[in-house]
1. Taking Cα pairs under 8 Å and at least six residues apart, what relative contact order does the stretch 179-287 come out at, in percent?
2. For a quick check: with amide H placed at 1.01 Å from N, whose amide H comes under 5 Å from residue 320's, ignoring anything fewer than 5 positions away on the same chain?
3. If you take every residue apart from residue 261 with its C-beta less than 10 Å away from the C-beta of residue 261, what net charge results, scoring Lys and Arg +1 and Asp and Glu -1?
4. What is the sum of charges, Lys and Arg at +1 and Asp and Glu at -1, for the other residues whose Cβ falls under 10 Å from the Cβ of residue 309?
5. Counting Lys +1, Arg +1, Asp -1, Glu -1, what net charge surrounds residue 332 among other residues with beta carbon under 11 Å of its beta carbon?
6. Roughly how many nanometres apart are two label points built 7 Å out from the Cα toward the Cβ at residue 315 and residue 336?
7. Please list, by residue number, every one of the GluC sites (Glu not before Pro) in the stretch 108-156 that is coil in DSSP and has at most 12 other beta-carbon atoms within 10 Å.
Amino acid sequence: MSKDYYSVLGVEKNASKDEIKKAFRKLAHQYHPDKKGGNEGKFKEVNEAYNILSNDQKRKEYDTYGHAFGNAGGFGGFDFSQFNQGATQGFNDFDLGDIFGEFFGGRRGRTKRGSDISVDIEVNFYDSIFGTERKIILNKTSYCENCKGSGAEKNSEMENCKTCNGKGRIHETTKSFFGTFTTEKECRECHGVGEIPKKKCRTCGGHGLIKKQEEISIKIPVGIEDGQMIRLSGAGEAIRGGVSGDLYVKVHIRRDQNFIKEGNNLVTTLNIKVTDALLGGEYTLNTLDGKLKVKIPEGVSFGETLRIKGKGVPMSGNSRGDLLIKINIELPKKLSKKAKKELEDLREEGL
């Protein structure tokens, strides 16, 4: 039965060469047999389809005669010299290392890096405005304090690794359906350093790393936003012969019952009596800076905002935003006979 190479790659018959190449790269990643969950049969089929459709002449013949045009079973004459030459028919600007690098040891020269760590912490509203310092305990891989990550006991000399002859990398032969490959990998004995200690560290056994609980201080900056991420460079997982990963701290701010943050300003609501709205008055307001006396002007309106300068969020230098007080006039639910009489008199006066 004739194969539909376009269906194999999941592209239309009028697909461009770029679309075909993108589809091939995606499926090659997905089905590679050396990858967990890979499928050797599918991988061969995808390569066969790409070998035909990426070549203008072969694609033309295939579109004319179908699968029988050259009995292109298996890899259909898959030519691996294309990879060594860098670019030939159908593989222009195509980097095989993008697909196979993760399976065959990666590329040489890249600095090894430990894994990043992500944590979430919660701070109260006050600390989010004025900043604070928090301490957390992490159980993570760290450099051994006794040998400082070298793996050597104190005062012990280092010597060339005999496994890799001090090169830090070794060559391994890998067999697959492609053929036999000679690949270069990091030396497992010295972890790419090229040296091993004559006497191994008694604390870490020569690994240079230990799993331990570590207390880390986190500075919460002034005016931090909810959900903001703090990055602590090098505070992640340590790795031998490389650099430590980073620690990412996501900050969640606990809501305050009285205040919200709007830019550099703090906003709150103050409930006042009808008489104070008409005649003016004075209220004591609990703020983040402590108690504050607030004067209510005569004839203040419902929803009007009073501004207290310099009582908001700290900014650069010694400046701060403002405190915005929204006025809410509370109406009494019940009135005495006397109050009703006085209000009736006011109404007759046009008030």
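Every read-out reported here was derived from the displayed coordinates using simple, explicitly stated rules and does not represent laboratory data. This is a predicted model, so every value here is computed, not measured. Neighbour counts are summed over all protein chains in view; Cβ atoms, including those assigned to glycine, are modelled from backbone coordinates with ideal geometry.
1. The value is 16 percent.
2. 315
3. So the environment of residue 261 carries a net charge of -4.
4. +2
5. +3
6. Going from the residue 315 label point to the residue 336 one covers 4.9 nm.
7. The qualifying sites are 145.
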